Amino acid sequence: MEQAEQIFRTLEYGIQLKEMPRTGFLQRGVRNVENVASHTYSVALCAMTLMEMIETDTPLDKARVLEMVILHDLPESLTSDIPSPVKRFFPADQRKTLKLDIERNAMGEIIADTPFAARWLALWEEQAQEATPEAKLAKDVDKLDMYLQAYTYELHTGNARLAEFWNNPHTFYYAEAQAIYDLIVEKRGRE
């Protein structure tokens, strides 16, 4: 019975992502922004799509990529979506590590005492460190979805504040993700 309670608690945190808006878009004046759960679905769809296109010497573990994608923003059910503008208030020498530490602690709390805690934390850590081919793809599709969403919002709303997303060109790990990003940038230039 205690195990069911712990798992129920973890699932409750996941459900909260359906109500949590993507704050980066909110801060830039977009109304009716997607929630974190919608973002996660879109990232998973991007992952499935790119995995059909990517050819590597060693096949990607597709299930592992999808597990990482599903878990990557679960800590936000406690921390909320920490947008990039907020990170400028972190000490300069700790910007990346501080956010990771906060999210790691949140992830630990969310999955505490579940029978899968160690495995899920290892998956989350793998994607956060971007050290494996699967983690690199998970990072690529997370970023690609952000750019796809920014482009869509910009196209449909005309919100000029979204131009900030394009100030620093992004370089992806996988050529297939880079090609789609480059196409978005090209389309954006024609609009």
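No value in this document is a laboratory result; all are computed from the given coordinates. Note that the structure is a prediction, hence the values are computed from the model and not measured. Note that each Cβ is placed from the backbone with ideal geometry, even for glycine, and that neighbours are counted across all protein chains shown.
The Cβ shell under 14 Å around Leu45 holds other residues with a net charge of -4, Lys and Arg each +1, Asp and Glu each -1. About the centre of its Cα atoms, the range 44-97 shows a dipole size close to 360 debye [charges on the beta carbon of Lys, Arg (+1) and Asp, Glu (-1) only; nearest 20 debye]. Taken over the chain, lysine pairs spaced eight or more positions apart, or on distinct chains, with alpha carbons under 17 Å apart number 10. If I take R0 = 22 Å and measure r between the Cβ atoms of Gln6 and Tyr41 in this structure, what FRET efficiency does the formula 1/(1 + (r/R0)^6) give, to the nearest 0.05? Efficiency, from the Cβ-Cβ distance: 0.30.
Applying 1/(1 + (r/R0)^6) with R0 = 25 Å to the Cβ-Cβ distance of Asn32 and Ser80 gives a FRET efficiency near 0.90. Residues of the range 109-129 falling in the label zone of Asp101, defined by backbone nitrogen less than 17 Å from a point 7 Å along Cα to beta-carbon, are 109, 129. Sites listed here are trypsin sites (Lys or Arg not before Pro) in the range 1-45 whose DSSP assignment is loop and whose Cβ has at most 13 other Cβ atoms within 10 Å: Lys18, Arg31.
Note on the chain: GNM, Cα springs under 10 Å; of Met53, Met146, Met20, the largest mean-square fluctuation is that of Met53. Using Cβ counts within 10 Å as a stand-in for footprinting exposure, how do His156, His39 rank, fewest first? Fewest to most other Cβ atoms nearby, the residues stand as His156, His39.
Projected onto the charge dipole of the chain (+1 at Lys/Arg Cβ, -1 at Asp/Glu Cβ, origin at the Cα centre), which of Thr10, Leu100, Thr152 gives the Cα projection farthest towards the positive end? Selected residue: Thr152.
Applying a DSSP loop filter and a limit of 14 other Cβ atoms within 10 Å to the GluC sites (Glu not before Pro) in the range 24-114 leaves Glu55. About its Cα centre, the dipole of the chain is roughly 760 debye, where the only charges are +1 on Lys and Arg Cβ and -1 on Asp and Glu Cβ. Two tests apply to each whole DSSP H helix in the chain, Cα reach of 24 Å or more along its axis and mean Kyte-Doolittle hydropathy of at least -1.0, and the ones passing both are 36-53, 133-157. Based on the alpha-carbon gyration tensor of the range 6-122 and its eigenvalue square roots a ≥ b ≥ c, which shape applies: rounded if a/c is under 1.5, prolate if not and a/b is larger than b/c, or oblate? Taking the square roots of the gyration eigenvalues as a ≥ b ≥ c, the range 6-122 is rounded.
Using a ≥ b ≥ c from the Cα gyration tensor of the range 32-185 (square roots of the eigenvalues), is it rounded, prolate or oblate, where a/c under 1.5 gives rounded and otherwise the larger of a/b and b/c decides, a/b for prolate? In terms of gyration-tensor shape, oblate.
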